[in-house]
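S.K.: Below are the structure tokens for one structure; questions will follow.
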Amino acid sequence: MTSSTPARTAARRTQSILLLVGPHRHRVLLGVVLAALLLAATTFAAAGRLHDGRGHTDPSTTTYLSATDGWPLRGQGAYVLGNGEPAVSPDEQPVPIASVAKVMTAYIVLKHFPLHAGESGPRFVVGQSDVADTETRRGEDQSVVDVRAGEQLTERDALMAILLPSANNIAVLVARQVDGSVASFVAEMNRTAQALGMSHTTYTDPSGFDTGTVSTALDQLRLAQAVAGDKTLAAMMATPSYPVPVAGEVYNTDTLLGRDGFVGMKTGSDDAAGGCFMFRSERHTASGDVTLIGVVLGQQGDSLIAAGLNAAEQLVDRVAPNAATP
């Protein structure tokens, strides 16, 4: 059945009503016609809407998928199922990726200072200039966490602040102290990207706030696969909340975490990038247990983070649907 069929049915109903009402009941006729037109419009809208896994139809959290290949109609995506070959949406090109860039930042920090379970790592000292930088970023409506001059953040504290609430100020602070300057750290980000085969990626800052930081879904998928093999980093991104010394308890922006098989990884959102999400899902399907790693970029909606999360969920539901429960 095509999407025009319900509309034709509504039109036929309107014709029948016109014959029954007669020429003299104009007010009733007008109300009925308007109701029929509303029915047709609603039917058209419903025909083009794909619900998320829990039946949501709020436009701010609803993603529209292509009728032919299942990719989001806006933006781009890529995924890999198990040990298979990556699947990539058409027309990929470098675009801003917002805070998904912080995955590379954390990956490099852990290359410098590997962490194991129970370890805290070296300490990063917060200076007065870092406090001033935080307030500047707060004034620009950037994502930050509170800091205090003289505060010491362990490596684990700092990475949790970067990965969970997506603190731009901590990403910059850590980058400078790891490599001596932000510029040196960014250069290392780009060298690492090239080594991973991310040939369409350019990092210009450690937080992703700069719109010059661009990539493709496939390039970020390559990073996601590397990150999934790092048990420490994967576990950090699968953490719902964490206590940071001055900022207090911080929370993961990935609200899919722990639901429908989602076990990470990192959200990102701003006006230039739209809603972005690097994700990993472990599901029990009709054909057995599978792991899907993927990335969606450039999703749109009233809530950009929700748009990215919703696009990922719909993509996973299509590719690796949960096995039906008895």
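S.K.: Through the Karplus equation 6.51 cos²θ - 1.76 cosθ + 1.60, θ set to phi - 60°, convert the phi angles of the stretch 240-251 into ³J(HN,Hα) values in whole Hz; use x for Gly and Pro.
M.R.: Taking θ as phi minus 60°, the curve returns x, 7, 7, x, 9, x, 8, 5, x, 5, 10, 10 Hz for the stretch 240-251.
S.K.: By average Cβ neighbour count within 10 Å, what is the ranking of 196-202, 171-177 from highest down?
M.R.: Ranked from most to least packed, the peptides come out as 171-177, 196-202.
S.K.: If we sort 142-152, 263-273 on the protection proxy, mean other Cβ atoms within 10 Å, highest first, what's the order?
M.R.: Top of the packing list down: 263-273, 142-152.
S.K.: Please list, in order along the stretch 253-267, the HN-Hα scalar couplings obtained from phi with the Karplus expression 6.51 cos²θ - 1.76 cosθ + 1.60 (θ = phi - 60°), rounded to whole Hz, x for Gly and Pro.
M.R.: The phi angles translate into 6, 7, 7, 7, 3, x, 10, 6, x, 6, 10, x, 10, 8, 8 Hz.
S.K.: Name the residue farthest towards the positive end of the dipole of the stretch 59-319 from the options Ser215, Gly139, Val178, assuming +1 on Cβ of Lys and Arg, -1 on Cβ of Asp and Glu, about the Cα centre.
M.R.: Val178
S.K.: Hey, what do the phi angles of the stretch 185-202 turn into as Karplus ³J(HN,Hα) couplings, whole Hz, using 6.51/-1.76/1.60 and θ = phi - 60°, x for Gly and Pro?
M.R.: 5, 4, 4, 5, 4, 6, 5, 5, 4, 4, 5, 8, x, 8, 6, 10, 10, 9
S.K.: What net charge is computed for the residues neighbouring Gly212, neighbours being all others with C-beta under 14 Å from the C-beta of Gly212, Lys and Arg scored +1, Asp and Glu -1?
M.R.: Summing Lys and Arg as +1 and Asp and Glu as -1 gives -3.
S.K.: Once you charge only the Cβ atoms, +1 for Lys and Arg and -1 for Asp and Glu, what is the size of the charge dipole of the stretch 204-258 about its Cα centre, to the nearest 20 debye?
M.R.: So the magnitude is around 180 debye.
S.K.: Using the count of nearby Cβ atoms within 10 Å as a rough guide to exposure, how do Tyr79, Tyr107 rank from fewest to most?
M.R.: Tyr107, Tyr79
A short reminder: the numbers here are calculations on the coordinates, not readings from a lab. Quick caveat, the model's predicted, so the values are computed rather than measured. Heads up, the Cβs are rebuilt from the backbone with ideal geometry, glycines too, and the neighbour counts pull from every protein chain shown.
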